[in-house]
Amino acid sequence: MTPQNLEDQTMDDFSKQIAFTTRLDDLVAWGRKNALWPLPYGTACCGIELMSVMGPKYDLARFGAEVVRFSPRQADLLLVAGTITEKMAPVLVRIYRQMLEPKYVLSMGACASSGGFYRAYHVLQGIDSVIPVDVFVPGCPPTPEAVLDGIMLLQKMIAEHHPRPWKQNWKAPDYV
Amino acid sequence: MSNLEQLKSAFGSKFNTSQYQFAHAFGDDSIVIPKEDVIPVFTFLKNGDHFDFLMDVCGVDYPGRAKRFDVVYHLFHSKNGNRLRIKVPLAEGEYVDSLVGIWKGADWFEREAYDMFGIVFRGHPNLRRILTHHQFVGHPLRKDYEADRQQHCTSSLPVHFDNVNGEDGSLLNDNFVPINIGPSHPAMHGTLRVMAEMDGETIVRAGCEIGYLHRCFEKMAETHPYNQVIPYTDRLNYCSAPMNNVGYCKAVEKILGVEIPPKAQAMRVILCELSRVIDHIVAVGTGGVDLGALTAFFHLFTYREKVYHLFEKLCGARLTVSLTRVGGMAQDAPEGWYDDVLAFCKEMRQEVDEISKLLLDNKIFIKRTQGVCPVKAADAIAWGYTGPLLRASGVGLDLRKIKPYYGYDALDFDVPVGTNGDIYDRYLVRIEEMRQSIRIIEQVCKNIPGGDYTIRDRSIVLPEKKDVYGNIEGLMNHFMLVIKGLRPPVGDVYDATEAANGELGFYLVSDGSANPYRLKVRPPCFAIYQSFPSVVKGAMLADAIATVASMNVIAGELDR
């Protein structure tokens, strides 16, 4: 059967069997969203729940993000799970800056997002004051389902090329 | 003759006790002594075998007094379970002698009191900040420091060590390679920072920096009513949250002088032992991961999820459950819950055997852990080790046996004890403790007492919702208790429970108001972790990683 013999409609069906068309951007985004390499920055209770997210029951691997990397050079998703104290803030910024582009940040839990119920003298009141955050996941700690939901939201943002003004306009704190 | 009277007569022949105040209140013995007598009194108490453990050192601030601070020491004897509190009043600018020479475990506790209150311990070799960052100005637990006054930190300290024998620890030796691990490092469990000077693969000098998770638990406790402190306690040792709830509530109940009903006691025992199992799951699982054995972690986490499921059935939360209330439990268990727990025990028993085979019988695991960085019993006591680590060193101390609470004395269980105090023994003890906890849970679940799950004292416990919405007395009661708060009598107590990591103590000072005046937590891993630099000295770097894992340092309770 040669293409010349076919009706237009059939031709279209045939081509779909052997090829698909897309934009290069979309292809790259598709690859990116399904192969996130998270750096689990677990500092506190949320870190324990993050273990559940990675663990056998919830299994983040199903979303293409099982390759956990503790080196910022090899990761593109910073999962901040737990309270960030004033003492920890410079370390967090340093880790973030060491990550290569493109990079994303997910803030897991109330403490990382806003300081949570620690309105206290040694706790940073939200990591968005030092690094740009793409997704905030509420909860204290959030259930693993909520974290998976956050990851899926991030995947959607990546696929749709969602604008990220918080990232574009971010200035590193002057002390780093 | 009571213990305090014996001490009083023993003191009489040795010291000029005219200025001493002996007191027995809320079941605790305490003595107030002047600061000049600190060294002779503590030397006498230790050498005379009155007490062998220095459990805790902390400060309390009373800005209205001429002598503004109290330095509070808690002593314990492992043979008879006796406790003693010694208080030393101190004016601002005065100093007290450091106890580091008598109990080396005083080291970090004194540093913390300095950091939090500015209390100066004369003779302490490393009296610098420990929990707050190095740019912090002031002392946050003083009453005149506002709870929410943040100070930003803009840098991290370079590699540094403790001063030893008068040598400055910040000076590095050019012949060795300095190495920094953490605080963001997979083997450092999130927030620990270990620094070392290496001669090849051998550690010449090690140091650790903590405080990366200091989230001001004790200040938060001072600014919240008693029952609202419970959620904060969850987040101390978040691997076994219910145990902290129980420890805290037990201390408040002690000062209130109430005993909780048998059913609440039974529920607390079940929760505590379930927590012990899941805490050891994390300790053993991540300990294996740090040695390169990933399988055990995934295996064990399946069972941790099952316990989460039990907690969810009980209260809706998985990890941070806040299940207790002062006076009992928040609510009764749903129907069939105890059967679910028994079913879990059956499964878990098999799993423990499997993990035991997988790790403890594994040749690589044995070679990595046996004989590595052992801690002798005498050292363990001097550092203030408690819990599985102390028992691994051969000291069979368990508060559930020596000072039983909640009916532990009526339960049949064994206390596993190691021999060498090495890393292997620590895991051996933990895995056996999981078996014993399952035994305890099964015994309790089969004999759940009837009755109420909480006391019904109107000045302590909120009425049930059906009464609040159903009759005027219930509504008024609810309203008054919320507005006025639960108010314990003026005084102070220390109460401890056997948590998964060791003695979890709460020192509570009440001024009769609705918030704790001061709440000091005695976290087990704080005392243990301070020994790390000397334990790993001369070992290989990889052994240091195994040691950190076996100590099961939980940053939430370490830094609070």
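General remarks:
- Scanning the stretch B:279-306 for residues that are within 11 Å of chain A (Cβ to nearest Cβ), open to solvent by less than 30 Å² (accessible area, probe 1.4 Å) and not hydrophobic (A, V, I, L, M, F, W, C) returns B:Asp279, B:Gly285, B:Thr286, B:Arg304, B:Glu305.
- Evaluation of B:Arg149 against the conditions (1) over 21 Å from B:Phe526 (Cβ atoms); (2) out of contact with any Gly (no Cβ under 9 Å at 6 or more places or on another chain); (3) surrounded by fewer than 17 Cβ atoms within 10 Å (Cβ to Cβ) shows that the sole unmet condition is (2).
- Test result for A:Leu153, outside any loop (DSSP other than H, G, I, E, B), in contact with a strand residue (DSSP E or B) (Cβ under 9 Å, 6 or more places away or on another chain) and open to solvent by less than 10 Å² (accessible area, probe 1.4 Å): no
- Only one entry of B:Ala378, B:Ala343, B:Ala382 meets the criterion of being within 28 Å of A:Met51 (Cα to Cα) and surrounded by fewer than 23 Cβ atoms within 10 Å (Cβ to Cβ), and that entry is B:Ala343.
- Qualifying residue in the stretch A:16-26 (condition: more than 14 Å from every other protein chain (Cβ to nearest Cβ) and in contact with a His (Cβ under 9 Å, 6 or more places away or on another chain)): yes
- Count of residues meeting criterion [crowded, with 20+ Cβ neighbours inside 10 Å and over 13 Å from B:Glu110 (Cα atoms)] in the stretch B:41-59: 5
- Of everything in the stretch B:417-457 that is farther than 23 Å from B:Leu342 by Cβ and among the aromatic types (Phe, Trp, Tyr), the residue that is surrounded by the most Cβ atoms within 10 Å (Cβ to Cβ) is B:Tyr427.
- Test: residue in the stretch B:398-416 that is within 16 Å of B:Asn501 (Cα to Cα), under 20 Å from the mean Cα position of the chain (by Cα) and surrounded by 24 or more Cβ atoms within 10 Å (Cβ to Cβ): yes
- Consider the stretch A:16-64 and keep the residues that are at pLDDT below 85 and either open to solvent by less than 40 Å² (accessible area, probe 1.4 Å) or in contact with an Asp or Glu (Cβ under 8 Å, 6 or more places away or on another chain) (or both). The one that is farthest from A:Val80 (Cα to Cα) is A:Pro56.
- Filtering A:Phe117, A:Phe136 for residues that are surrounded by fewer than 24 Cβ atoms within 10 Å (Cβ to Cβ) and part of a loop (DSSP other than H, G, I, E, B) leaves a single hit, A:Phe117.
- Counted as qualifying within the stretch B:455-560 are the helices (runs of 4 or more DSSP H) with 2 or more residues that are of a type in the set (Ser, Thr, Tyr) and either modelled with pLDDT of 90 or more or under 23 Å from B:Cys216 (Cα atoms) (or both), namely B:541-551.
- Residue pairs meeting the criteria (Cβ under 6 Å; at least 6 apart or on separate chains; first more than 7 Å from every other protein chain (Cβ to nearest Cβ), in the stretch B:141-158; second open to solvent by 60 Å² or more (accessible area, probe 1.4 Å)): B:Lys143/B:Pro63; B:Leu157/B:His134
- Answer residue from the stretch A:107-155, given it is among the charged types (D, E, K, R) and in contact (Cβ under 8 Å) with a residue 12 or more places away in the chain and is farthest from the other protein chains (Cβ to nearest Cβ) among those: A:Asp134
- Of B:Ile423, B:Ile441, all but one fail to be in the same structural domain as B:Val536 (by TED's automatic domain parsing) and closer than 30 Å to B:Ala378 by Cβ; the exception is B:Ile423.
- All of B:Thr454, B:Thr497 fail the test of being among the β-branched types (Val, Ile, Thr) and under 21 Å from the mean Cα position of the chain (by Cα), apart from B:Thr497.
- Within the stretch A:62-86, restricting attention to residues that are at the interface with chain B (Cβ under 9 Å from one of its Cβ atoms) and within 13 Å of the chain's Cα centre (by Cα), the residue that is farthest from B:Leu294 (Cα to Cα) is A:Ala81.
- All positions within the stretch B:307-332 that are free of Cβ contacts under 8 Å to residues at least 40 places away in the same chain, open to solvent by 20 Å² or more (accessible area, probe 1.4 Å) and within 12 Å of chain A (Cβ to nearest Cβ): B:His309, B:Glu312, B:Gly316, B:Ala317
- Conditions (1) open to solvent by less than 80 Å² (accessible area, probe 1.4 Å); (2) free of Cβ contacts under 8 Å to residues at least 60 places away in the same chain; number of the one not met by B:Glu335: (1)
- Look at (1) open to solvent by less than 20 Å² (accessible area, probe 1.4 Å); (2) within 10 Å of chain B (Cβ to nearest Cβ); (3) of a type outside the set (Phe, Trp, Tyr); (4) in a loop (DSSP other than H, G, I, E, B) and you find that A:Leu92 fails only one, number (4).
- Leading residue by the ranking (farthest from B:Cys272 (Cα to Cα)) among those in the stretch B:526-555 that are within 14 Å of chain A (Cβ to nearest Cβ) and in contact with an Asp or Glu (Cβ under 9 Å, 6 or more places away or on another chain): B:Ile545
- The set of residues in the stretch B:352-384 that are out of contact with any strand residue (DSSP E or B) (no Cβ under 7 Å at 6 or more places or on another chain), assigned to a loop (DSSP other than H, G, I, E, B) and touching a residue at least 24 places away in the same chain (Cβ under 8 Å) comprises B:Asn362, B:Gln370, B:Gly371, B:Val372, B:Cys373, B:Pro374, B:Val375, B:Lys376.
- Test result for A:Arg97, more than 28 Å from A:Pro56 (Cβ to Cβ), assigned to a helix (DSSP H, G or I), within 14 Å of chain B (Cβ to nearest Cβ) and basic (Lys, Arg): yes
- Given (1) in contact with a Leu (Cβ under 6 Å, 6 or more places away or on another chain); (2) within 26 Å of B:Asp28 (Cβ to Cβ); (3) without any contact (Cβ under 8 Å) to a residue 60 or more places away in the chain, index of the condition B:Tyr232 fails: (1)
- Lone qualifier among B:Lys67, B:Lys14 - being surrounded by fewer than 17 Cβ atoms within 10 Å (Cβ to Cβ) and out of contact with any strand residue (DSSP E or B) (no Cβ under 7 Å at 6 or more places or on another chain): B:Lys14
Conditions (1) over 25 Å from B:Gln135 (Cβ atoms); (2) assigned to a loop (DSSP other than H, G, I, E, B); (3) open to solvent by 70 Å² or more (accessible area, probe 1.4 Å); (4) touching a His at 6+ places or on another chain (Cβ under 6 Å), marked per residue:
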| site | (1), (2), (3), (4) |
| --- | --- |
| A:Leu78 | no, no, no, no |
| A:Asp128 | no, no, yes, no |
| A:His162 | yes, yes, yes, no |
| A:Asp174 | no, yes, yes, no |
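The values are calculated or read from the model by the stated rules, or taken from the named source; none is laboratory data. Computed from a predicted model, the values in this text were never measured in an experiment. Every residue, glycine among them, receives a Cβ derived from its backbone with ideal geometry; neighbour counts consider all protein chains shown. Keep in mind that these areas ignore ligands, DNA and RNA; they rest on the heavy atoms of the full protein, side chains included. Shrake-Rupley method; radii C 1.70, N 1.55, O 1.52, S 1.80 Å.
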